[in-house]
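Taking it in order: structure first as structure tokens, then the write-up.
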Amino acid sequence: MTSYNIIFKQLLLKEPWSARWIPEKHFWQTTPSGFVNTTTLAESPKYILKGCYRMRMKEILNKKSACKISNMLMSKLIWYKHYQPFCDEIIEEQEKPPYWIIKLSVVKFQPTAIEIVNKYIHSEPFIELDYEYMGNQYIACLYLKYISREISWASFLFSSGQYVDSYQSVKEHCEYFYGLLTKYEDSDFNTDVEHKQKREVYNKFSNEIDEINPIYKSFKEYYNKYLHRKDINTD
């Protein structure tokens, strides 16, 4: 077992979020903070190596996952160049694709896309929604935008404070983010302060960040497919 563990650690350093053991509760993952987390593999022959895979997005077509997609849309972590190839793939592979996926596949306007996903989330059969956890996931989306260098650390702190001030349903109050922003500004945007605050925020929202990140990585692959398809049509 040890040799397998070493091999898969090496694989995961190259391909984050790409390998798992059976049963599904035994995961290997590389987190946005750069640390590799491993689970304890039971000494049993039923825990066999299944091999590498990339998250199959068609497996997340449920309302809880749609809540994550909604947050990714509302935070502008993803847009039509991410979700249209995803929707197209679902429509091609399934005989009866979900109606909300069909509607989403032809929409580019972000507010309309958000409306489609949210309408599905709040349709029958209804599910109980954890609004505080969804709020935390929104902060996680903003954090991943910062990690992807779409926004600065100051913008992340300001946007997080604004969001919490409006919705209140997050594990930290708006004063927390505004306080970090003030310290960051007072340090003249010192990189050491930024890295210290980054680690602090990650530790507070690590569960949500690690839950959104693999979905985001998969959407980034669909984004690359969109760009490649566009290049082919242009040539």
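The values are calculated or read from the model by the stated rules, or taken from the named source; none is laboratory data. Because the structure is a prediction, the values reported are computed rather than measured. As a convention, Cβ positions derive from the backbone with ideal geometry for all residues, glycine included, and neighbour counts pool all protein chains shown. Just so you know, the surface numbers come from the protein's heavy atoms only, side chains and all, with ligands and any DNA or RNA stripped out. Shrake-Rupley method; radii C 1.70, N 1.55, O 1.52, S 1.80 Å.
Exactly one condition in (1) surrounded by fewer than 13 Cβ atoms within 10 Å (Cβ to Cβ); (2) touching a Lys or Arg at 6+ places or on another chain (Cβ under 6 Å); (3) among the polar types (S, T, N, Q) is not met by Asn136; state its number.
The failed condition is (1).
If you take the residues of segment 54-113 that are open to solvent by 10 Å² or more (accessible area, probe 1.4 Å) and polar (S, T, N, Q), which of them is modelled with the lowest pLDDT?
The selected residue is Asn62.
Give the residues of segment 66-103 that are assigned to a helix (DSSP H, G or I) and under 12 Å from the mean Cα position of the chain (by Cα), sorted by residue number.
Correct list: Ala66, Cys67, Lys68, Ile69, Ser70, Asn71, Met72, Leu73.
Out of Val170, Val193, report the one residue that is over 24 Å from Lys108 (Cβ atoms), modelled with pLDDT of 95 or more and aliphatic (A, V, I, L, M).
It is Val193.
Among the residues in segment 146-154, are any open to solvent by 90 Å² or more (accessible area, probe 1.4 Å) and in contact (Cβ under 8 Å) with a residue 24 or more places away in the chain?
Within segment 146-154, none of the residues are open to solvent by 90 Å² or more (accessible area, probe 1.4 Å) and in contact (Cβ under 8 Å) with a residue 24 or more places away in the chain.
Is there a residue in segment 160-167 that is among the hydrophobic types (A, V, I, L, M, F, W, C), assigned to a helix (DSSP H, G or I) and over 19 Å from Pro85 (Cβ atoms)?
Yes, the conditions are met somewhere in segment 160-167.
For segment 114-133: of the residues being under 17 Å from Leu61 (Cβ atoms) and assigned to a helix (DSSP H, G or I), which is most open to solvent (accessible area, probe 1.4 Å)?
By that ranking, first place goes to Lys119.
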